[in-house]
Amino acid sequence: MEGESVTIQPNVTKIQKDDQIRWNFGHKDILIAQINRQDNNPIFYNESADGRFRGRLELDQNGSLTITNIRTTDSGLYQVKTTKSETPLNIFNLIVCESRCCGFTEAVIRLALSSLVGVAAVGVLIYEYRTRNLPRLKTVKNAATNTDRPDEDVRECLVPLYDKNSFE
């Protein structure tokens, strides 16, 4: 996310104590930083990559590269190499997303949607309650004709689970 810091860690097991670790950026393989593990002296190439990393890079003795206050323009390939080999030890693809400047608006939208879902749920519950407690037409087979046509309409109401009069 934009504005945060990110640390990219190389595979330390492949790096010797006397190696010089180099970090390259982009498809053009632009050298942006290096550190000599023996004297722990980092060098930053502030003018490389159009100066985009100026003052925002850090290297530790293990060769981990930290980019502070990252930007979307920092997205891309990062390669870590040693001076003993031009073959990269690791290649990383960093993707930096824009920060969410509209956090408050997003929160309001989520709150409104949650309220809408809550109101809909209450509506469904009320509908269910009312339809279950309405008198229902009970079908009684006509004994003479053995059909589903009732002799007369028999209305049946739901009996409550607990009726205080039934216990007296």
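Structure summary
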{"read-out": "Debye intensity ratio in log₁₀ form over the Cα atoms of the stretch 10-96, taken at each q of 0.18 Å⁻¹", "value": "-0.72"}
{"read-out": "Whole-number D in µm²/s for the stretch 25-76 (Stokes-Einstein; Kirkwood sum over Cα pairs; 37 °C, 0.692 mPa s)", "value": "284"}
{"read-out": "Rounded accessible area of LEU111 (nearest 10 Å², 1.4 Å probe)", "value": "110"}
{"read-out": "Segment SER5-ARG54, extension gain: residue separation times 0.36 nm, minus the distance between their alpha carbons", "value": "16.2 nm"}
{"read-out": "Cβ-placed point charges (K, R +1; D, E -1), dipole of the stretch 10-100 about Cα centre in debye, nearest 20", "value": "120"}
{"read-out": "Integer Hz, Karplus 6.51/-1.76/1.60 couplings in order for the stretch 63-78, x for Gly and Pro", "value": "x, 5, 9, 10, 10, 8, 6, 5, 10, 5, 6, 7, 5, x, 8, 10"}
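The values are calculated or read from the model by the stated rules, or taken from the named source; none is laboratory data. Remember, it's a predicted structure, so these values are computed and weren't measured experimentally. Positions of Cβ are backbone-derived with ideal geometry, glycine not excepted, and every protein chain shown enters the neighbour counts. Each accessible area value is taken on the protein alone, full model and side chains, heavy atoms only, with ligands, DNA and RNA left out. Shrake-Rupley method; radii C 1.70, N 1.55, O 1.52, S 1.80 Å.
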